[in-house]
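**Q** Provided herewith is a single structure, encoded as structure tokens, for subsequent inquiry.
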């Protein structure tokens, strides 16, 4: 059997992505997009998202507790980009429930133009509740220095920005 060049490239790319994937947990509220999503909240009925946001806090919490009553079994797939921004495509319900309950959720982390050696610093920021607009407010590429340390980010977005560009 002969392998084409494109098949070989695809296999190498998949192997590299698999090798650079880390299974861990992060604080859900640090990756939650503050209710800017457009997904459904009622899985069987695909009810509309804006209606969910109108619910009382106690109704949202009750939904979250019911949703994860058996725990979160499947990790949310995260992608970390060159600027340290963390995105996910699937798992909105798990992230929302974890965010409402202020809990860490299981994730599988992959990297795109982001040095995996910097993940421990970024994970520390995420688990401390910091979001991308706090640890990299200008969205600079982090290729030069990496992720600002927690003690810098705690001083505010301006300090984080100064650390990145210095």
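Since every read-out is calculated from the coordinates, none of them should be taken as a lab result. Computed from a prediction, not measured in an experiment: that's the story for all the values here. With ideal geometry, Cβ positions are generated from the backbone for all residues, glycine too; neighbour counts draw on all protein chains shown.
**Q** For a Förster distance of 45 Å, can you work out the FRET efficiency between the beta-carbons of residue 5 and residue 54, rounded to the nearest 0.05?
**A** Here the calculated transfer efficiency is 0.25.
**Q** Using a 7 Å offset from Cα along Cα-Cβ at residue 115, what residues in the range 137-166 end up with backbone N under 17 Å from the label point?
**A** Of the residues in the range 137-166, 140-150, 163-166 have backbone N under 17 Å from the label point off residue 115.
**Q** Test of understanding: what is the full-extension gain from residue 77 to residue 140, defined as 0.36 nm times their sequence separation minus their Cα-Cα distance? Please report the intermediate quantities before stating the final value.
**A** On the way: separation 63, 0.36 × 63 = 22.68 nm, distance 2.32 nm.
Full extension of this stretch gives 20.4 nm more.
**Q** Of all beta bridges DSSP finds with both residues in the range 19-165, what is the antiparallel percent, to the nearest 5?
**A** Details: 9 of 14 bridges.
For the range 19-165, the DSSP antiparallel bridge percentage is about 65.
**Q** Packing-wise, with mean Cβ within 10 Å as the measure, how do 80-88, 156-164 rank, highest first? The partial results should precede the final answer.
**A** Numbers: 80-88: 18.4, 156-164: 16.4.
In descending order of packing, they fall as 80-88, 156-164.
**Q** Which order do peptides 66-77, 123-134, 50-61 fall in by mean Cβ count within 10 Å, highest first? Numbers along the way, then the final one.
**A** Values: 66-77: 13.2, 123-134: 18.0, 50-61: 11.4.
Going from most to least packed, we get 123-134, 66-77, 50-61.
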